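Read the figures in this text as sums done on the coordinates, not as results from a lab. Please read all numbers here as calculations on a predicted model, not as lab measurements. Here the Cβ is made from the backbone with ideal geometry for all residues, glycine too, and neighbour counts use every protein chain on show.
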């Protein structure tokens, strides 16, 4: 199955509305940078690589206006791919060709990561993953889910965490895996430790939204919990992300800005409210996993085992 989260027509950017999946498949057409920024902020498009690709085409729509760069930069703060893409577009002489290159390179990089990461996945492995790191989160193949795709012939099975509060695992990852024909079991986030303790998980593989110079990783909220649990139970914990997700300007994860999203994402879903009026809410969208808990980071050029500052610096 081919999933097209991002379609460029030459005149407009069409984004698959991930808020409606799996129930409805609909594209949102953007003809201005402001519309692209709103789509990113509202999570029509999500996933760090996909956000970077969308922002690049947003610049094309604006013909490189300074206002466009500013409005796109404010759309979401944590995923560094957004800022990486904007900086790259600022240096481009041909905006459309550069945006197309960012898109094509992401797709090629995903496939390279899939091949490298597949060497880490044992035969018949039971692979746990978190959030959505597939075609929907990228130009069209996937980071962590790309590794799972590339490991399909190993007869693996997947345990997908539902990923509260926005349910990217339940709505998006489960949908991609069903379409792909890869065996998948859906669980709630707080079931992960129980399955690990029973020896039902062989490897954990996740994506990333920003990786600090020392190897600390910001990813969807709940990732840190999984890393701690995996360490406790002696389960390999891998992060898969392109080089554009590394932010060498940030020394450690403590400096990564963590987006706080609206309370409504926690108090209910799609018009159904389950929390009482007047309740206080915290809704951090990401957390930070220290490098010491990470078995390895897979990027398009290499697998970095026991990541640290020196090993990451060699990539660049």
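Points to keep in mind about this one:
- Count of residues meeting criterion [under 20 Å from residue 219 (Cβ atoms) and outside any strand (DSSP E or B)] in region 113-129: 6
- Boolean, residue 132 is under 17 Å from the mean Cα position of the chain (by Cα) and part of a helix (DSSP H, G or I): no
- Unique residue being crowded, with 17+ Cβ neighbours inside 10 Å and either closer than 23 Å to residue 269 by Cβ or in contact with a strand residue (DSSP E or B) (Cβ under 6 Å, 6 or more places away or on another chain) (or both) when the list is 16, 72: 16
- Qualifying positions in region 154-213 - under 19 Å from the mean Cα position of the chain (by Cα) and on the phi > 0 side of the Ramachandran plot: 163, 167
- Matching residues in region 96-114 - criterion: being surrounded by fewer than 18 Cβ atoms within 10 Å (Cβ to Cβ) and over 27 Å from residue 239 (Cα atoms): 96, 97
- Applying the condition of being more than 13 Å from residue 206 (Cα to Cα) and out of contact with any helix residue (DSSP H, G or I) (no Cβ under 6 Å at 6 or more places or on another chain) to region 287-304 and asking which residue is surrounded by the most Cβ atoms within 10 Å (Cβ to Cβ) yields 291.
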